[in-house]
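Asker: A single structure is presented below for examination.
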Amino acid sequence: MVRRFPVWIAAAALAGGIAFTQAAPVQAPDQVVRTFIAATEKGDWGTADSYLTERFSNALRPGSLPSIWALVGENVQLRNQEVTGKTAYVWVEGTDSLEDAAQRLGLDPLTLRKYLTQPDLADPTYQQLAPQLVGLRLEGDTVTSRVKITLYQQDRGWRIEVWQPDKPPAASGSQPEKPEEAEATDPAPSPTENP
């Protein structure tokens, strides 16, 4: 004997199946970065890694994500975003004490202070660290780090492809620098700029 289900049960089951198969809403690039940052703050590196592109994740040495992200500093805040087609850029800033920032870079605090205020362009150690120092500025004993995060839109939504130090924006209302002052305060070109 074949039992027949009422039509409303079949319709409810079909509607429920459709609801379960619909994709979750795709997060905007800035929301992906916020979720990534929240995961890093909790030490949930598995979740943080899930927001990276497969290429970026595979390029990292196993277990290196915490130390690489740590260079951004503490108290990370989103500053702005720019979306063009399937590529997005999100800028974040983090702060750190001079001592903590120096330790992360393998320097003593006095050397880092010198590198950020009066760099010796001939110093081989400075030359090696220059790409990482681009996004740093010193205010008293606080180092602020500015990072540009590049995201690509993929089938799984927006994913982080890379981040790199980025020059802080010029202070509004500031006077243009003289060429000799620009060299002293802006020692290395940003990796995102063309020579």
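Asker: From the residues in segment 114-147 that are among the hydroxyl-bearing types (Ser, Thr, Tyr) and within 20 Å of residue 166 (Cβ to Cβ), which one is surrounded by the most Cβ atoms within 10 Å (Cβ to Cβ)?
Answerer: Within segment 114-147, the subset among the hydroxyl-bearing types (Ser, Thr, Tyr) is 115, 117, 125-126, 142, 144-145.
Within this subset, residues satisfying the condition of being within 20 Å of residue 166 (Cβ to Cβ) are 115, 117, 126, 142, 144-145.
Values: 115: 22, 117: 11, 126: 18, 142: 13, 144: 17, 145: 25.
That would be 145.
Asker: Before we move on, is residue 72 modelled with pLDDT of 90 or more, of a type in the set (Val, Ile, Thr), under 19 Å from residue 141 (Cα atoms) and outside any helix (DSSP H, G or I)? Give the steps one after another, and end with the answer.
Answerer: Values: modelled with pLDDT of 90 or more: no; of a type in the set (Val, Ile, Thr): yes; under 19 Å from residue 141 (Cα atoms): yes; outside any helix (DSSP H, G or I): yes.
Against the criterion (modelled with pLDDT of 90 or more, of a type in the set (Val, Ile, Thr), under 19 Å from residue 141 (Cα atoms) and outside any helix (DSSP H, G or I)), residue 72 does not qualify.
Asker: Just checking, how many residues over segment 114-167 are within 11 Å of the chain's Cα centre (by Cα) and hydrophobic (A, V, I, L, M, F, W, C)?
Answerer: Residues of segment 114-167 within 11 Å of the chain's Cα centre (by Cα): 145-151, 160-166.
In the following step, the residues that additionally are hydrophobic (A, V, I, L, M, F, W, C) were identified as 147, 149, 151, 160, 162-163.
Residues in segment 114-167 being within 11 Å of the chain's Cα centre (by Cα) and hydrophobic (A, V, I, L, M, F, W, C): 6 in total.
Asker: For segment 79-105, which residues satisfy the criterion of being part of a strand (DSSP E or B) and farther than 15 Å from residue 135 by Cβ?
Answerer: So the first thing to find is which residues in segment 79-105 are part of a strand (DSSP E or B), and the list is 79-84, 87-97.
Hits for segment 79-105 are 81, 82, 83, 84, 87, 88, 97.
Asker: For a quick check of your reading of the model, give me the residue pairs whose first member lies in segment 161-176 and is under 30 Å from residue 51 (Cα atoms) and in a loop (DSSP other than H, G, I, E, B), whose second is among the acidic types (Asp, Glu) and at pLDDT 80 or above, with beta-carbon atoms closer than 8 Å and at least 6 apart or on different chains.
Answerer: If the second residue must be among the acidic types (Asp, Glu) and at pLDDT 80 or above, the pairs left are 168/93.
Asker: Still on this structure, I have one more. Within segment 80-87, is even one residue surrounded by 13 or more Cβ atoms within 10 Å (Cβ to Cβ), touching a residue at least 24 places away in the same chain (Cβ under 8 Å) and farther than 18 Å from residue 167 by Cα?
Answerer: From segment 80-87, those surrounded by 13 or more Cβ atoms within 10 Å (Cβ to Cβ) are 81, 83, 87; that's our starting set.
Those still in the list that are touching a residue at least 24 places away in the same chain (Cβ under 8 Å) too: 81, 83, 87.
Remaining after also requiring farther than 18 Å from residue 167 by Cα: 83, 87.
Within segment 80-87, one or more residues are surrounded by 13 or more Cβ atoms within 10 Å (Cβ to Cβ), touching a residue at least 24 places away in the same chain (Cβ under 8 Å) and farther than 18 Å from residue 167 by Cα.
Asker: Any residue at all in segment 97-113 that is surrounded by 13 or more Cβ atoms within 10 Å (Cβ to Cβ), modelled with pLDDT of 90 or more, of a type outside the set (Lys, Arg) and in contact with a Phe, Trp or Tyr (Cβ under 6 Å, 6 or more places away or on another chain)?
Answerer: no
The values are calculated or read from the model by the stated rules, or taken from the named source; none is laboratory data. Just so you know, these numbers come straight off a predicted model, no measurement behind them. So basically every Cβ, Gly included, is an ideal-geometry build from the backbone, and we count neighbours across all protein chains shown.
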